[in-house]
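Visitor: Shown below is the structure under consideration.
The values are calculated or read from the model by the stated rules, or taken from the named source; none is laboratory data. Small disclaimer: the values here were computed from a predicted structure and weren't measured. Note that we place each Cβ from the backbone using ideal geometry, even for glycine, and neighbour counts take in every protein chain shown. All accessible areas refer to the heavy atoms of the entire protein, side chains included, with ligands and DNA or RNA removed. Shrake-Rupley method; radii C 1.70, N 1.55, O 1.52, S 1.80 Å.
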Amino acid sequence: MKLHVLTLFPEMILQGLAPSIIGRAVEKKIISLDAVNIRDYTLDKHGKVDDYTYGGGAGMLMQAQPVYDAWKAASGGKKIRTIYLTPQGTPFTQNLAKELAKEEELIFLCGHYEGIDERVLEEVVTDFVSIGDYVLTGGELPAMVMIDAVARLVPGVLGNDTSAEEESFHNDLLEYPQYSRPESWHEKRVPEVLLSGNHAKIMKWRLEQSETRTLRFRPDLYEKYREKQHLIKQLSKDKRNNIHMMESLSRGKGEILYRDGNNLIIFDREASTCMLKAEKTETATKLSERLPEAKWIIVNQEFVKEVLVTAGYGLWGECNQYLYTAKESLPVRYKAIRSLTTEDVPYVSSRYKHDTEEYIRERILAGEIYGAFDGDRQIGFIGLHNEGSMGLLYVEEEYRRQGIAESLEAFCINRCLEKGWTPYGHVLTDNTASEKLQDKLRFYKASQSIYWLSGKTH
Ligand code: SAM
């Protein structure tokens, strides 16, 4: 990931981030960080970058010309997401950090004095972001805050890639309390359950603790969490048909964008996927007008699909939805299965043609594609799509009918169960071989088809 910071104090950015984990990621070339001095671009012979504001008022304003030229130099004429740090922006959240971590390149623009001439902001800025309801003297500290939060989500920056999944704000909950050695300190003992070795009990205890903490310290977040739990319960009345929405919510991926009775829009921002449900045709039409820009829209009601097709969304495919409701893990007979690495991107993308190489890379970096091997030779793979469904199944021709696909599925199911998820998948209706496999593994089939539509950004 390439990060550019437009600032009047480049040394503040470089020195501020150098000693941290982010500094190490720069050294390891996982991210690059370049601080552009806006002053280097002023055409004023005294090096001035600010002037009085029209209409009077206290303080100076940064002028448009040096900011624009510094931005042009950093962007090199490319369309790069440009964030202006401002107390007037939308509040920075973990969800926005996740979204930005997916970008290849970002520009941060730091203001000073009273801010920056509005005209240049109109031309270059894509996102106005605030780090909180208070006013600082400059945008450098906010830029550093954002860079730290975004860069640590870039795969490879933190040692342990799963750690971000269990942190505060994931699923609208704060993190549970944690303890390290010794077992007893100041006569306070570590809670017994954590010493029990019982994974299920520990997960349950942690969830309860998270809920209690969130209710106490962040009632606003807790309200969001509770609303989600309530909706999941309602959707569970028709679990087979609604599992994609339930899992999106319970895994902390989807947010409720709109809800009015049974009219519903869930949006997984990271996966750029919308899920939609409507009571009748008229409300479906209204919902379609509220849809955010997204790569994919998933619906399981035929009339909603029709409404969306009429509204200009393209139908990509019709699938059957399968879910695995048993809680026990499955035996994996073929043993040589492991998570893939980015070295395996060309292999997977040359065989799985439904998605781009960039998408495959992102899925591998997320640790969610698993490969089967015969010695050093790759012979197949399976994975989770970014919105949560199982898929991407492939086995080399000469290795088929030997139970390898079944083992790959069992492996993937077990990984989901370890995380407390309900595995589910979407199989194109003409893929009979895959349908047979789902039946064999005791997946349940939903009665409604799932329609995948490509969004308007596609
Ligand atoms: N006059 C501006 C206003 O009232 O909105 C405040 C300008 S502030 C003194 C100077 C610069 O600091 C801003 O241009 C912005 O880049 C940065 N800044 C200050 N507070 C911030 C916050 N809470 N979040 C993000 N950036 C902030």
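Visitor: What net charge do the residues around Arg269 carry, taking every other residue with its C-beta under 9 Å from that of Arg269, with Lys and Arg at +1 and Asp and Glu at -1?
Guide: The answer is -2.
Visitor: Next question, about the same structure. In Å², what does the accessible area per residue of region 118-218 work out to with a 1.4 Å probe? Please report the intermediate quantities before stating the final value.
Guide: Numbers: 6530 Å² over 101 residues.
Here the residues of region 118-218 average 65 Å² of exposed surface.
Visitor: When you count, for each residue, the other Cβ atoms within 10 Å and take the mean per peptide, how do 177-184, 1-8 rank with the highest first?
Guide: Working: 177-184: 9.6, 1-8: 23.6.
Taking the mean over residues of other Cβ atoms within 10 Å, the ranking is 1-8, 177-184.
Visitor: Report the accessible area of Trp452, computed with a 1.4 Å probe over the heavy atoms of all protein chains in place, in Å² rounded to the nearest 10.
Guide: Roll a 1.4 Å probe over it and Trp452 shows about 30 Å².
Visitor: Evaluate the Kirkwood expression for the hydrodynamic radius of region 163-227, namely the inverse of the mean inverse distance over all pairs of different C-alpha atoms, and round to one decimal in Å.
Guide: Averaging 1/r across every pair of different Cα atoms and inverting gives 12.9 Å.
Visitor: Moving on. Run through all the Cα pairs of region 1-146 and give the fraction in each 10 Å bin from 0, expressed as whole percent.
Guide: P(r) for region 1-146, in whole percents per bin: 11, 42, 36, 9, 1.
Visitor: What is the distance in Å between the Cα centroid of region 385-456 and that of region 65-100?
Guide: First find each Cα centre; the distance between them is then 39 Å.
Visitor: Hey, another quick one. Put Leu106, Leu195 in order of accessible area, largest first, 1.4 Å probe: what do you get?
Guide: Working: Leu106 0, Leu195 75 Å².
Largest to smallest exposure gives the sequence Leu195, Leu106.
Visitor: Along the positive direction of the dipole of region 187-300 (beta-carbon charges: Lys, Arg +1; Asp, Glu -1; about the Cα centre), which of His199, Ser248, Tyr222 reaches farthest?
Guide: Result: His199.
Visitor: Further, regarding this structure: Using the Cα centre of the chain as the reference point, and only Cβ charges (+1 on K/R, -1 on D/E), how large is the resulting charge dipole? Debye, rounded to the nearest 20.
Guide: So the magnitude is around 1460 debye.
Visitor: Ignoring everything except DSSP H segments at least 4 long, calculate the 222 nm mean residue ellipticity for the chain; use -39,500 (n - 2.57) per segment, divide by total residues, nearest 500.
Guide: Values: 15 runs with 160 residues, N = 458.
Taken over the chain, the calculation gives -10500 deg cm²/dmol.
Visitor: Quote the relative contact order of the chain in percent (integer), defining contacts as alpha-carbon pairs under 8 Å separated by 6+ residues.
Guide: 12
Visitor: With a cut-off of 16 Å, note down the residues of region 20-59 whose backbone N falls inside the zone around a label point 7 Å from the Cα of Leu141 toward its beta carbon.
Guide: Taking a point 7 Å out along Cα→Cβ of Leu141, no residue of region 20-59 has its backbone N under 16 Å.
Visitor: If you don't mind, another one. When the accessible area of the chain is split by element with a 1.4 Å probe, what percent falls to carbon and sulfur?
Guide: The value for the chain is 50 percent carbon and sulfur by accessible area.
Visitor: What FRET efficiency comes out for Glu114 versus Glu293 if R0 is 45 angstrom and r is the Cβ-Cβ distance? Round to the nearest 0.05.
Guide: 0.85
Visitor: Positive end of the dipole of the chain, charges at C-beta (+1 Lys, Arg; -1 Asp, Glu), about the Cα centre: which of Leu340, Pro66, Tyr359 has its Cα farthest in that direction?
Guide: Checked the options; the winner is Leu340.
Visitor: Same structure again: Between Lys286 and His46, what length comes free when the chain is fully extended (0.36 nm per residue of separation minus the Cα-Cα distance, one decimal in nm)?
Guide: 80.7 nm
Visitor: With the crude spin-label approximation of a point 7 Å out along Cα→Cβ, what separation in nm comes out for Lys201 versus Lys2?
Guide: For Lys201 paired with Lys2, the spin-label model returns 5.4 nm.
Visitor: Rg and Dmax of the chain, using alpha carbons, in Å: what are they?
Guide: Computed over the Cα atoms of the chain, radius of gyration and Dmax are 24.9, 79 Å.
Visitor: Where does each of 405-414, 55-64, 20-29 land if you order them by average Cβ count within 10 Å, highest first?
Guide: Top of the packing list down: 405-414, 20-29, 55-64.
Visitor: To the nearest 20 debye, what is the magnitude of the charge dipole of region 362-458 about its Cα centre, counting +1 on the Cβ of each Lys and Arg and -1 on the Cβ of each Asp and Glu?
Guide: The dipole magnitude comes to about 320 debye.
Visitor: Note the full-extension length gain between Lys335 and Thr212 as 0.36 nm times their separation in residues minus their Cα-Cα distance, in nm to one decimal. Intermediate values should be presented prior to the final figure.
Guide: Details: separation 123, 0.36 × 123 = 44.28 nm, distance 4.14 nm.
Contour length minus Cα-Cα distance gives 40.1 nm.
Visitor: Tell me, what is the per residue accessible area of region 299-458 in Å², probe radius 1.4 Å? Could the numbers behind the result be given before it?
Guide: Values: 7600 Å² over 160 residues.
Value for region 299-458: 48 Å² per residue.
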